[in-house]
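The next block holds one structure in the form of structure tokens; read it before the comments.
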Amino acid sequence: MTRLRLVGGGIMVRGCLGGIRQPSFIFTIQLPDRLNRETERAKHIARELLHSISDADGISASPTFQDSQSFINTFLDCISALLTTNEHPVFQTARVIKTHKETGETCLLTIQQPCLEYNAAIGAVLLCADYFSAAFDHPNAFQEVKNNFPKTEKRHLANLRKGRLKGFNTYHFLKTAYDLDVPWFRISGDTFQLGYGSAARLLNSSFTDRSSWIGNTLSKNKNVTARVMLMAGLPVPEQVPVFSADHAVDVANKIGFPVVVKPVHLDGGRGVTAFLTQPEDVAQAYKKAAKLSEHTVIEKHIKGKDYRLQVVDGEVQGIVEREPGGVVGNGMSNISALIRQQNLDRKTAHDDRRFLHQIEEDNECRRMLKLQNLTLDTVPAKGSFIPVRGAANVASGGIPKVLKTTAAHPDNLELAARAARVMRLDVAGVDLITEDIGVSWLETGAAICEINAQPQMFTDFHQPMLQQILGPRLGRIPVCVILEDQKNCNIGRQVFDVLSQQCPNTGFVSLTDALIGKRRITTAAGDVVRDTRSLLMDPALDSLVLSLPPEYLETDGWPVDRADIVIVSATEFQGSKGNAPTQIDALVHEIGVSLRPHTAFLTNNIVSVAQETKAFNEGAIHPISSDAPLDDPQARTEFVRSVVEILLRGHKDYAE
């Protein structure tokens, strides 16, 4: 029997290692040699596995493996796809750390897989290993393979879902942070820290550490929001709380059709029914909303286009025009077939369409078609748009179209910004109904129908928000990493002492200390990743000096993902290159790909190795001269002064 076998349980690396800038799972797998000759078969199995799981979960999974030239690459691609489609933030590819040929027809591969959650990582690995092993022995009966171990699959899937992100925004903020080279780590659940120390911010979806609790509380209640905005002189539609279906019909008759029915406390357009023109439809819409919320309101339907304006720190950063869910005729297919095709296109898309909700052929769909004298069997003309939803929100299948902020009249931008200010929201999605966003609302009229304190954002909007809240430093503070003998940490302590004179909130971490300025931060030092994290979480920290032992390469990964300066001054590396070439090569490569220093001070023998590697091409390499050894106090003082000057320039550069 062909068998892929996990050897041992694997370990989590909390820090950055091998150029992977997030926690990762390291595991060893036993690979039969014959599988290396079955790349195309492996691609087929991977697609079958991912599609079967995505169909069961109702999620999108359209992996491609065109670039995979080996079985192991396809296998690792499949693991990553399982993690990402289950909302785990994985932005780098797994890497093979070590290959060991066993006797017989197998080899052992040690692999590093990016992942935040141990249970999810091992669940993905075991699920792939089980499916691949079984499917290779049953090449024409994949469904039979699935049926052979449903309990095992269920356990692996349960593990795969542990620690997953719960919202659309969080994943895309983390992906944007990765693209911008902003460091990040998990605080708890969907709350993440982006950046280090005084340059850091906390995010949970689009909530920030400066979001107003009062503003959020007010905006969660649509009726309260409308009253607050009305008090502030902002344009809002007439809105009335209703308490029964009959009451809803009475109110609709009084304020005049068409109307909108909304649950008071729900976000994302859930339970909203718009453009209601008949009493019986109002009654049905009320019953639908009442199932989701204890409180429901009716408001006057405002004629015009639906726009979502994203406001961050008082500035409109993005605009989306939202069109009600519907289909475009092709002259051949009926409306039912067009809906099915559009739903399939959304599910299998690789662009933002994959995040759009499916359109159901429900009562709302039939009601909207009836208003147009159409049915699901109607074949619309080619190019004609047929709306099947009254509301334009994305939750009901709405179609968003991104507009440039220059498309909006300044009065409309100021209206949205003022609404966010009035509600005390640093981040807000302001829903504006107006005939034309390019014409002042003072001329055409408009209405703010909702303000969302935790808006779901189009993917184009995550980057400008992060750049706004993180500022020019993009979450960075100056960091210096020194590999040295830990008996005295002479260089690290002296760099820390001199830098602290200019920057009192400089941090220092070694195997025995964790300080910010003169204040000891932990009572039990020794866990470098933990101790460094405790400093990085402190908003007072404005620079960091790490003193680590030279053998740190073999531990739990680097506690930071980048260093402005790296200093290697360890007696173990003072000899010639020939004394320990493998160790030196590994050290140089690891420093280059993981810490990516702007400036490196290296012993003479290491400089020659570093200059041959691509990892150091962008930085400056300075040799530590053997003619003036750093164990000499005067030479060390001169050296430290030059290092601190670079770090102080870094403070200025980050601030600018």
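Of Val90, Val96, Val125, all but one fail to be in a loop (DSSP other than H, G, I, E, B), under 26 Å from the mean Cα position of the chain (by Cα) and either of a type in the set (A, V, I, L, M) or modelled with pLDDT under 90 (or both); the exception is Val90. The residues listed here are Leu499, Leu535; of these, the one that is closer than 16 Å to Leu647 by Cα and part of a helix (DSSP H, G or I) is Leu499. Would you call Arg493 over 28 Å from Thr170 (Cβ atoms), in contact (Cβ under 8 Å) with a residue 12 or more places away in the chain and assigned to a helix (DSSP H, G or I)? Yes: the conditions hold for Arg493.
Residues of region 21-41 that are at pLDDT below 85 and open to solvent by less than 10 Å² (accessible area, probe 1.4 Å): Leu35 alone. Taking the condition aromatic (Phe, Trp, Tyr) and open to solvent by less than 20 Å² (accessible area, probe 1.4 Å), does Tyr178 pass? Criteria not met by Tyr178.
Against the criterion of being more than 36 Å from the chain's Cα centre (by Cα), open to solvent by less than 20 Å² (accessible area, probe 1.4 Å) and more than 17 Å from Ala226 (Cβ to Cβ), Leu309 does not qualify. Residues in region 390-412 that are at pLDDT 80 or above and assigned to a loop (DSSP other than H, G, I, E, B): Gly390, Lys404, Ala408, His409. Taking the criterion of being open to solvent by less than 20 Å² (accessible area, probe 1.4 Å), in contact with a Gly (Cβ under 8 Å, 6 or more places away or on another chain), under 30 Å from Tyr307 (Cβ atoms) and not β-branched (Val, Ile, Thr), the residues of region 448-494 that qualify are Asn452, Ala453, Pro455, Met457, Phe461, Leu470.
Selection within region 589-648: residues that are assigned to a loop (DSSP other than H, G, I, E, B), within 34 Å of the chain's Cα centre (by Cα) and modelled with pLDDT under 90. The member of this set that is nearest to Ile567 (Cα to Cα) is Gly619. In region 64-87, of all residues being open to solvent by 30 Å² or more (accessible area, probe 1.4 Å) and modelled with pLDDT under 75, the one that is nearest to His357 (Cα to Cα) corresponds to Thr64.
Selection over region 368-389 of residues that are in a helix (DSSP H, G or I) and under 40 Å from the mean Cα position of the chain (by Cα) gives a count of 2.
The C-beta contact set for region 73-102 (first residue under 18 Å from Ile53 (Cα atoms), second residue open to solvent by 50 Å² or more (accessible area, probe 1.4 Å) and in a loop (DSSP other than H, G, I, E, B), distance under 8 angstrom, 6+ apart or interchain) comprises Leu76/Thr93; Asp77/Thr93; Ser80/Thr93; Asn86/Arg161; Asn86/Arg164; Glu87/Arg164; Glu87/Lys166; His88/Arg164.
When region 99-112 is filtered for residues that are assigned to a strand (DSSP E or B) and open to solvent by 20 Å² or more (accessible area, probe 1.4 Å), the ones remaining, listed by number, are Thr99, His100, Lys101, Thr106, Leu108, Thr110.
Evaluating Gly9 against the criteria (1) out of contact with any strand residue (DSSP E or B) (no Cβ under 6 Å at 6 or more places or on another chain); (2) buried (at least 20 other Cβ atoms within 10 Å of the Cβ) leaves one unmet condition, (2).
Any idea which residue in region 591-604 is nearest to Arg21 (Cα to Cα), counting only those that are open to solvent by 20 Å² or more (accessible area, probe 1.4 Å) and of a type outside the set (A, V, I, L, M, F, W, C)? Checked region 591-604; the qualifying residue nearest to Arg21 (Cα to Cα) is Arg596. Could you check region 312-355 and list, in sequence order, the residues that are among the polar types (S, T, N, Q) and either at pLDDT 90 or above or open to solvent by less than 10 Å² (accessible area, probe 1.4 Å) (or both)? Residues satisfying the conditions are Gln317, Asn330, Ser333, Asn334, Ser336, Gln341.
Considering only residues in region 128-159 that are among the aromatic types (Phe, Trp, Tyr) and surrounded by fewer than 18 Cβ atoms within 10 Å (Cβ to Cβ), the one that is modelled with the highest pLDDT turns out to be Phe149.
Condition check ((1) open to solvent by 20 Å² or more (accessible area, probe 1.4 Å); (2) touching a residue at least 40 places away in the same chain (Cβ under 8 Å)) across all residues:
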site	(1), (2)
His589	yes, no
Val607	no, no
Thr637	yes, yes
Val644	no, yes
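If you check Gln372, Gln310, Gln358 for being polar (S, T, N, Q), touching a residue at least 24 places away in the same chain (Cβ under 8 Å) and touching a strand residue (DSSP E or B) at 6+ places or on another chain (Cβ under 8 Å), only one passes: Gln310.
The values are calculated or read from the model by the stated rules, or taken from the named source; none is laboratory data. Predicted model only: the values in this text are computed from it and were never measured. Note that each Cβ is placed from the backbone with ideal geometry, even for glycine, and that neighbours are counted across all protein chains shown. Accessible surface is based on the protein model in full, side chains and every heavy atom, while ligands, DNA and RNA are left aside. Shrake-Rupley method; radii C 1.70, N 1.55, O 1.52, S 1.80 Å.
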